[in-house]
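First the structure, in the form of structure tokens, and then the observations on it.
The values are calculated or read from the model by the stated rules, or taken from the named source; none is laboratory data. All of these numbers come straight from a predicted model, not from anything done at the bench. We place every Cβ from the backbone using ideal geometry, glycine too, and count neighbours over all the protein chains shown.
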Amino acid sequence: MQGFKIYVEETSDADLTGIRFKLYDNDEAVVSNIGTLNFEYLVDPELYVGEHILSLTYYKEDMPELESTRQVFYTGNFTLPTLTLTITADVF
């Protein structure tokens with residue numbers, strides 16, 4: 001499995017008690033009810049290839065229907081380019 005190690009840092013003095021996170025990959029919710037600031041998101045190798053736009057929301061655990069706006073924190077493309085190659089060989 002391949003994937004991402006994700007570290008969330010709270011930069012204010014907000015109380016995170018009861019706060020959960022939801023992770024989106026290409027606008028699809030992939031992990032919810034995350035209760036830690038450091039976690040791993042493992043991706044099936046067949047799905048790893050391609051573009052990944054990761055975003056995160058947060059919500060109170062007793063009100064999961066009320067999410068924050070998404071914060072995009074990572075964009076990466078793991079697709080090999082299509083190359084047009086001319087290959088020659090010399091005989092010596």
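Identify all residues within the stretch 51-86 that are of a type in the set (Ser, Thr, Tyr), modelled with pLDDT of 90 or more and not in a strand (DSSP E or B); write none if there are none.
The initial filter retains those residues of the stretch 51-86 that are of a type in the set (Ser, Thr, Tyr), namely 55, 57-59, 68-69, 74-75, 79, 82, 84, 86.
This time we only want the ones that are modelled with pLDDT of 90 or more, so: 55, 57-59, 68-69, 74-75, 84, 86.
If the condition is that a residue be of a type in the set (Ser, Thr, Tyr), modelled with pLDDT of 90 or more and not in a strand (DSSP E or B), then Ser68, Thr69, Thr84, Thr86 are the ones that fit.
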Output for Cβ contacts, cut-off 6 Å, separation at least six or different chains, first residue on the phi > 0 side of the Ramachandran plot and polar (S, T, N, Q) in the stretch 13-26, second assigned to a strand (DSSP E or B) and at pLDDT 95 or above, reads Asn26/Ile53
Residues within the stretch 5-27 that are charged (D, E, K, R) and surrounded by 10 or more Cβ atoms within 10 Å (Cβ to Cβ), tallied | 4
Hey, Val91 within 28 Å of Arg20 (Cβ to Cβ) and either assigned to a strand (DSSP E or B) or not hydroxyl-bearing (Ser, Thr, Tyr) (or both) or not | no
Filtered residues of the stretch 5-50 (kept if among the polar types (S, T, N, Q) and either part of a helix (DSSP H, G or I) or under 10 Å from the mean Cα position of the chain (by Cα) (or both)) | Asn26
